Amino acid sequence: MSRRAQLAAGLDEVRTRIAAATRDAGRDPDAVTLIVVTKFWPAQDVRLLADLGVRDVGENRDQEAAAKAAACESLGLRWHFVGQLQTNKAPSVARYADTVHSVDRPRLIDALAHAAGAAAAVGRRLGCLLQVSLDGDTARGGALPRDLPSLADRVAAAPDLELRGVMAVAPLGAAPAAAFARLADLAADLRRDHPSADWVSAGMSADLEAAIAAGATHVRVGSAILGDRPSLR
Ligand SMILES: *Cc1c(COP(=O)(O)O)cnc(C)c1O
């Protein structure tokens, strides 16, 4: 099978899963955006995916993402940065990213605000999702739920940033449904103060159904479409 056919089959399967999950949840199929996480895979795969109709791609390391975004610039894709982010990478990420899903601390917000201001020549604001740690283990990234209101106000106060919502990764070894229900509650709390921040980024290859049942608006799917990452094989 050609790589294109492999990717087409993976995409088909994931789109079918998303359609079934939205139907089971009584939600509009268009309410969920698929972000294809292409980390570790080459720019050529991104080109094939774009040709197969993918508009949103995700990456978790700046160096790799910056190179791929440059190589694929003509495709007009939206790039989502989903990995833990060091403040010194903010200027680079602000140049190519549409949305940063991993905003979790004041210093990173300040760095992104500064970088987005410098990159504002592109004529758009940098989207930000507040990443929440649902098990209190902030070493894997994410803010504690009690810190969300102040982080949200800080993003909202930055002219070149746009607060879009929340993101989480289901905790290891816990039932994803309970974690995603908690995330949905936190997202509703956030929307009381910031009504337009209505994205909920949750769900990966293994747990996208549970995330969609709990109200995810954006799922981040890698291996179910591209195969097991080369480093994991
Ligand atoms: C890699 C990654 C994904 C995709 O994971 P898969 O299990 O390959 O679908 C989603 N979100 C984040 C933050 C990731 O790092």
Over the chain, relative contact order from alpha-carbon pairs under 8 Å, at least 6 apart, %: 20
Grab the alpha carbons of the chain, take their convex hull, and tell me the volume per residue in Å³. 122
Estimated distance in nm for a label pair at A175 and D12, the labels positioned 7 Å out from Cα along Cα-to-Cβ: 3.5
Taking a point 7 angstrom from the Cα of A139 along the C-beta vector, which residues in the stretch 203-225 have backbone N less than 14 Å away? none
Determine the calculated [θ] at 222 nm for the chain from helices alone, applying -39500 (n - 2.57) to every DSSP H run no shorter than 4 residues and normalising by the residue count; nearest 500 deg cm²/dmol. -12500 deg cm²/dmol
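Calculate the tail of P(r) for the stretch 7-46: the fraction of all Cα-Cα distances greater than 11 Å, expressed in %.
Summing the P(r) tail past 11 Å for the stretch 7-46 gives 68 percent.
How much net charge surrounds A9 when only the other residues with a Cβ under 12 Å from the Cβ of A9 are counted, with Lys and Arg +1 and Asp and Glu -1?
Residues close to A9 contribute a combined charge of +1.
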At most 15 other Cβ atoms within 10 Å and a DSSP loop assignment: could you name the trypsin sites (Lys or Arg not before Pro) in the stretch 30-59 that fit? R55
Can you pull the Rg over Rh of the stretch 32-147, Cα-only, Kirkwood? 0.97
Values of log10 I(q)/I(0), in the order q = 0.10 Å⁻¹, for the stretch 124-215 under a Debye, Cα-only, solvent-free model: -0.24
Run the numbers on the stretch 1-136 and let me know its relative contact order in percent, using alpha-carbon pairs under 8 Å that are six or more apart. 17
Nonlocal amide H pairs with W199, under 5 Å, H built at 1.01 Å: G165, V166
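No value in this document is a laboratory result; all are computed from the given coordinates. Just so we're clear, the structure is a prediction, and the values are computed from it rather than from any experiment. A quick note on method: Cβ atoms are made from the backbone with ideal geometry, for glycine too, and the neighbour counts reach across all protein chains shown.
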